[in-house]
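The values are calculated or read from the model by the stated rules, or taken from the named source; none is laboratory data. Computed from a predicted structure; not experimentally measured. Note that each Cβ is placed from the backbone with ideal geometry, even for glycine, and that neighbours are counted across all protein chains shown. Protein only, heavy atoms only, side chains kept; ligands, DNA and RNA dropped before computing areas. Shrake-Rupley method; radii C 1.70, N 1.55, O 1.52, S 1.80 Å.
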Amino acid sequence: MPRTPWTTRGPPPEVLAQAVERRPVREQVELDTITYAGRQHFLPGLARPRFPPWDRGWHDPWHSPGPRYEDMPLYKERGCYICHQGVRMLEGVRQARWLTKTKLVEGLPPPVLSIADSLAQQVEEHEERVKQAISHARFWDTMEVAPRREHYCPVLFEDLIHLCRLISVKWPSLSKRMLARNYRISATWERESILLQVRGLNGILLNSVAPIPPVASEEEILATEEYVLETFYPIAPTIDLQEVNVYKELNDTGFRDGYPYPHPHTLFFLESANIRPNRFRPEQLRAKMLMFAFGNALAKAKVLYGNDPQVLEQPVVVQSIGTDGELFQFMVFQLNTTDLVSNDGIKNLVWIDSDQKLYEKAQCVPEVKKRVVTKPAGIYGFQPDTFKKFLALYLHGTV
């Protein structure tokens, strides 16, 4: 092709302007759409018919579209960010700490560790029973060769709780407790300019007649004023939370007035989903434990001290334990203040002991090589210290 100005630099501007000049729109003729409505069955090449909405003549709540959000009585212009049991926080514990204005302390608090050390001899005596509880959940309670996690995780939890009750017979005050299932919590607070709420179903709550005494001293509580909360900019702190405009600002413990076991003690979370994508990762589980421990503590604090933001005279302590049937997460949360708007002032405290294995592996089927059993079925890598911490948290507040 010969090299001309058109091939090297394109057409001249006046020619290009004529090419892109708007042309008059042709008069369009509206045609009727041919559908297969008259045939009463699908035919390829014909359009799908559109019928007017059918009027039943009466109100059917199961097939009613419902009112618009703007027409609902609880609709508000200001959005509220909800944390429910299905929320998986991207930033994990770091995000939950910012939302709850909490300082993290690694490991369990000294009062719990002292209880665990004092129970060392009793745990050694019942070590065989703990192994039997694991074997009961993994081998004996089902006819399946390898039971699913959704089966053995709740069974293991019930066996460990039963074993704790047997060991703690010498303390009569431990009988004044109650396990609550399927209760609903609701706690509302404001963080900077964000309205937040923890609500809905959560774990299994162990209630007690008397509250857990404060774990941190007054000096440790006052020292939290100098602590600077960690941020994760540019990620928004409300990421993964559900934003709604239809809500009610409610603070409710989930129990009626006069309930004989009014104080929350320990919150248990069982990650028993058999499919791995349906289970919370350990970091997400710890964030969920922190949010709901905070929610239970905040709801109880507002019942005791009112809705006004303040530094609590008597901090509210709530414990939490999470497990997937093998790995355990231990947490102790202390609510020191309900003044959560700003980053200044007293902070709340949380102690976390993460990723504690109760046992390494449960060999359901023996390994056989060349007709020789190289690894028989059974429990391997049993860790008695994990059950010692489980028992210490169960006894905390009484012993």
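Kindly indicate whether D344 is open to solvent by 10 Å² or more (accessible area, probe 1.4 Å), more than 30 Å from V130 (Cβ to Cβ), among the charged types (D, E, K, R) and in contact with a Lys or Arg (Cβ under 9 Å, 6 or more places away or on another chain). Even if it seems obvious, please write down each step before you answer.
Values: open to solvent by 10 Å² or more (accessible area, probe 1.4 Å): yes; more than 30 Å from V130 (Cβ to Cβ): yes; among the charged types (D, E, K, R): yes; in contact with a Lys or Arg (Cβ under 9 Å, 6 or more places away or on another chain): no.
When the stated conditions are applied, D344 does not pass them.
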### Query
Out of the residues in the range 234-250 that are hydrophobic (A, V, I, L, M, F, W, C) and under 17 Å from the mean Cα position of the chain (by Cα), which is least open to solvent (accessible area, probe 1.4 Å)?
L241
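In this structure, is G79 in contact (Cβ under 8 Å) with a residue 24 or more places away in the chain, touching an Asp or Glu at 6+ places or on another chain (Cβ under 6 Å), over 28 Å from L358 (Cβ atoms) and surrounded by fewer than 17 Cβ atoms within 10 Å (Cβ to Cβ)?
Details: in contact (Cβ under 8 Å) with a residue 24 or more places away in the chain: yes; touching an Asp or Glu at 6+ places or on another chain (Cβ under 6 Å): yes; over 28 Å from L358 (Cβ atoms): yes; surrounded by fewer than 17 Cβ atoms within 10 Å (Cβ to Cβ): yes.
Criteria met by G79.
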### Single match in T253, T231, T224, T266 (criterion: in contact (Cβ under 8 Å) with a residue 24 or more places away in the chain, in contact with a helix residue (DSSP H, G or I) (Cβ under 8 Å, 6 or more places away or on another chain) and open to solvent by less than 10 Å² (accessible area, probe 1.4 Å))
T266
### Query
List, please: which pairs have Cβ atoms under 7 Å, are six or more places apart or on different chains, and start with a residue in the range 202-217 that is free of Cβ contacts under 8 Å to residues at least 60 places away in the same chain and end with one that is among the charged types (D, E, K, R)?
N207/R177; V209/K176
### Summary
Within the range 382-399, residues being in a loop (DSSP other than H, G, I, E, B) and either acidic (D, E) or in contact with a Leu (Cβ under 9 Å, 6 or more places away or on another chain) (or both) number 4
### Message
Could you check the range 154-213 and list, in sequence order, the residues that are polar (S, T, N, Q), touching a helix residue (DSSP H, G or I) at 6+ places or on another chain (Cβ under 6 Å) and closer than 30 Å to V244 by Cα?
### Response
N202
#### Entry: Matching residues in the range 235-250 - criterion: being in contact (Cβ under 8 Å) with a residue 40 or more places away in the chain, part of a loop (DSSP other than H, G, I, E, B) and more than 13 Å from V198 (Cα to Cα)
I235, P237, I239, D240
### Task
May I ask you to say which residue of K288, K302 is surrounded by fewer than 23 Cβ atoms within 10 Å (Cβ to Cβ), of a type in the set (K, R) and part of a helix (DSSP H, G or I)?
K302
#### Entry: Answer residue from the range 28-69, given it is open to solvent by 100 Å² or more (accessible area, probe 1.4 Å) and among the aromatic types (F, W, Y) and is nearest to V246 (Cα to Cα) among those
Y69
### Query
S168 fails exactly one of the following numbered conditions: (1) touching a Leu at 6+ places or on another chain (Cβ under 7 Å); (2) among the polar types (S, T, N, Q); (3) within 24 Å of C80 (Cβ to Cβ). What is the number of that condition?
(3)
### Message
For the condition farther than 28 Å from C83 by Cβ, at pLDDT below 90 and either aliphatic (A, V, I, L, M) or within 25 Å of the chain's Cα centre (by Cα) (or both), what is the one hit in A210, A133, A146, A137?
### Response
A146
### Message
modelled with pLDDT under 95 and polar (S, T, N, Q): is that true of Q363 in this structure?
### Response
yes
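I'm trying to understand the selection: among the residues of the range 305-317, which are assigned to a strand (DSSP E or B), more than 19 Å from D344 (Cα to Cα) and open to solvent by less than 90 Å² (accessible area, probe 1.4 Å)?
Once the filter is applied, which keeps residues that are assigned to a strand (DSSP E or B), more than 19 Å from D344 (Cα to Cα) and open to solvent by less than 90 Å² (accessible area, probe 1.4 Å), the range 305-317 yields V316, V317.
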### Query
Within the range 250-265, is even one residue touching a Cys at 6+ places or on another chain (Cβ under 8 Å) and closer than 27 Å to L74 by Cα?
no
### Query
Scanning the range 349-381 for residues that are basic (K, R) and in a strand (DSSP E or B), which turns out farthest from the chain's Cα centre (by Cα)?
K369
### Query
Can you tell me which residues in the range 318-333 are open to solvent by less than 10 Å² (accessible area, probe 1.4 Å) and in a loop (DSSP other than H, G, I, E, B)?
G325
